[in-house]
Structures are given as C-alpha cells and as structure tokens.
1. Give the stretch 77-113 a look and list any residue that's among the aromatic types (Phe, Trp, Tyr) and farther than 15 Å from residue 137 by Cβ, or say none.
2. List pairs: first residue in the stretch 120-146 and touching a residue at least 40 places away in the same chain (Cβ under 8 Å) and surrounded by 15 or more Cβ atoms within 10 Å (Cβ to Cβ), second residue not polar (S, T, N, Q) and not in a strand (DSSP E or B) anywhere in the structure, Cβ distance under 8 angstrom, at least six positions apart or on different chains.
3. Is it fair to say residue 105 is under 25 Å from residue 170 (Cα atoms), at pLDDT 95 or above and not assigned by TED's automatic domain parsing to the domain that holds residue 164?
4. I'd like the full set of residues that are under 52 Å from the mean Cα position of the chain (by Cα) and touching a residue at least 40 places away in the same chain (Cβ under 8 Å), limited to the stretch 155-172.
5. Looking only at strands (runs of 3 or more DSSP E) that fall completely inside the stretch 54-163, which ones have 2 or more residues that are in contact with a Pro (Cβ under 7 Å, 6 or more places away or on another chain)?
6. Condition test on residue 15, is it assigned to a strand (DSSP E or B) and under 60 Å from the mean Cα position of the chain (by Cα)?
7. Need the failing condition index for residue 76 against (1) on the phi > 0 side of the Ramachandran plot; (2) assigned by TED's automatic domain parsing to the domain that holds residue 47, just the number.
Amino acid sequence: MQAVTIVNESERAVLTGTISCNPLSNVSWYDGPHLLKFENAVNTTYLTKEKAKCTDTTNLTLTASNAVRVNVSSSVQLIVNCKSASDDSNIFLGVTDDSGIVFSTTVIAYPKPYYALLYENGAKTHDFLDSIKVNAINNFTIHLNKTIVKPADYGLYHLYINNTFGETVINITVIPQSPRNQAPLVAGSIVGTLGLIILIFVAVFIFQRHYACIIRVERRKRSRKSKDNEESSHYTTMTEHENPERNVYDDLAQEQSQYESVLTKDRKENINDTKLYEKLQKPQNDNKVHINEQMSVQPSEGSSKHLHGPSTQETTCEYMNISFRK
C-alpha cells in the first residue's frame, strides 16, 4: 500500500490498499474516528474521492482483520495540490502612532505558499516584520506588523500569496484613528446615553402608573366625598324640615305657657274677688238679719204680710254678674 497519495485539486483521487492474508480479511477505512468504508473478506481495497478538494488533504487509516490476526492497521496520506486561498479578501485597520500596524490571515495551500506585501503602486514595503506559522500540512497563518507608524504609512496595501498552483490577493486599508483612550470614552458616552434613555423610559412608565393610581384614588375620594355630601345634604334637608315643626311646637309651648300664666292670674284674681265678696257679704248678712228682725217685729201699717228685703240669692247673682264683667 502506498504511504502517500498526491492528486491535484478537482482531480479524481483513488487510494488502493493491498492486504497479504490467508484467509481473506475484513477491512475498514477511517478518517480519524470516522468510518468511511467497510469491506468483507477481501485482499485488495479501494477508496475513491471524486473531484478532490484542498480540504480533502488528510491522513487515513486502513484496518484489516481475519481469523488469524485482528486489527492490523496501516496509514496512508492523501494530499491535494491547490492554490492559496483565504477567507479574508479585504482588511480594514484603524491605527494610531502608538498602536502600530498589526494584522494576520490564515491561508490554505499546498505546497507551502510564498507571500509579499506591496504598496498600492506595487513597491515593496520595508520595516514590516513578517512570519508564517504551519498549522497543518496545507494550512498556514501569515503575521505582519510595524511598530512605528508615519503619515506615509496610511493607505492601501496588497498582500500577494502564491504557490505553484495559483495565488490570491488580500487588500489591506490602513487609516488613522484617534488615541485608544478616546475609544472607551466614546463607548462610555454611547452606553451612558443609552442608559439615560432607558432610565427616562422607565421613569415615564412609573410616573404614568403612579399618576393613574392617583387619579383612581382621587376619583374614589371624590365619589366618597360626594356620597358623604349627599348624605349630609339629606340630613340637613331633614333638619330643615324638622325645624319648622319644632318652631311651631315652641310657639305653641310659649302660647300655652302664656295661657297658663293668664289662667293662674285669673284664678288668683277670682280667689281674691271671692275673699273680697265674702268680706262684703258678711256685713250685708248681718244687716239683713238685723233688718229682718226689725221688720218682723214692726210690720208696716195696712199690710197683713211681713215685708221682705232683697234675697241673698238675688244679691249674690248681681254681684257675680258684676264680677264676671270685669
């Protein structure tokens, strides 16, 4: 079995494995831990890749087993010739006098590529430090840097990377940039502005919720106050309705009091009049008795009947009539 198989990019790659064994062997192809192919009871095996790519370059493992021996392995390397290729086509660098020019790019190629950094006009650059790191058999990283930057260093550069099978060009644009300490200031200013905007939105939101709560509370207070005012107004109205009745009652009570005082006064006057009448009546009765006695003793001439004076009853009636006329 061949240890190395080399094909060009886009060509058909065929890997052949011959196993000397008796009895026949079971074989397996592996790319690392991944099983690519398995065959049963063979002494020759093939692994084919149609249109090989640069990324197909790898180390493969062939394993054979039979009744006599188990897991006999052999390694074979597949290499695909390819031109240089990179994921970067344009690089933009903002640099200051202190930061310098520093950049790198990763390239896939086989065989190992060459590179050159040129100015826009095609002149070769100087004072750049460069290096190339081998990551794998067909994978490389190119580093370039310049510590001291002059105004003439700003502009466009071309990085040419090539090998036997082709080349690729990467454009590098170097532009001046403000000092590093201003970048955090700008970032901080942006962050501060965003924070202020967020804070304003939060404050407005909280204020709206608080204002809505105040309105609700005020409305409730107003409704309760209106209800209390209605109840108070109703009570006042009832009081006003009750006051005239109370006034009438007071007037009647006052009139009754006056009437009672008048009655009391009249009673007192009647009692006084009665007492006065009794005083007056007593002498009259005495006189009457005396007169009657005289008349009974000395009747008038020409008359067979006794003369009678006015009766006490008639006198009393006359007096009482006079008394009530007061």
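1. Residues of the stretch 77-113 that are among the aromatic types (Phe, Trp, Tyr), as a first pass: 92, 103, 110.
92, 103 - these are the residues of the stretch 77-113 that are among the aromatic types (Phe, Trp, Tyr) and farther than 15 Å from residue 137 by Cβ.
2. Going by the 8 Å Cβ cut-off, the qualifying pairs are 138/54; 144/128; 146/100; 146/127; 146/128; 146/153.
3. Details: under 25 Å from residue 170 (Cα atoms): yes; at pLDDT 95 or above: yes; not assigned by TED's automatic domain parsing to the domain that holds residue 164: no.
Taking the combined requirement at face value, the residue does not satisfy it.
4. First, pick out the residues of the stretch 155-172 that are under 52 Å from the mean Cα position of the chain (by Cα): 155-156, 170-172.
The answer is 170, 171, 172.
5. Numbers: elements: 58-65, 72-86, 90-95, 101-110, 114-119, 129-136, 139-146, 155-163.
The strands (runs of 3 or more DSSP E) meeting that bar are 155-163.
6. Values: assigned to a strand (DSSP E or B): yes; under 60 Å from the mean Cα position of the chain (by Cα): no.
No; evaluated as a whole, the condition is false for this residue.
7. If we test residue 76 against (1) on the phi > 0 side of the Ramachandran plot; (2) assigned by TED's automatic domain parsing to the domain that holds residue 47, just (1) comes out false.
The values are calculated or read from the model by the stated rules, or taken from the named source; none is laboratory data. Because the structure is predicted, anything quoted here is derived from the model rather than measured. Note that we place each Cβ from the backbone using ideal geometry, even for glycine, and neighbour counts take in every protein chain shown.
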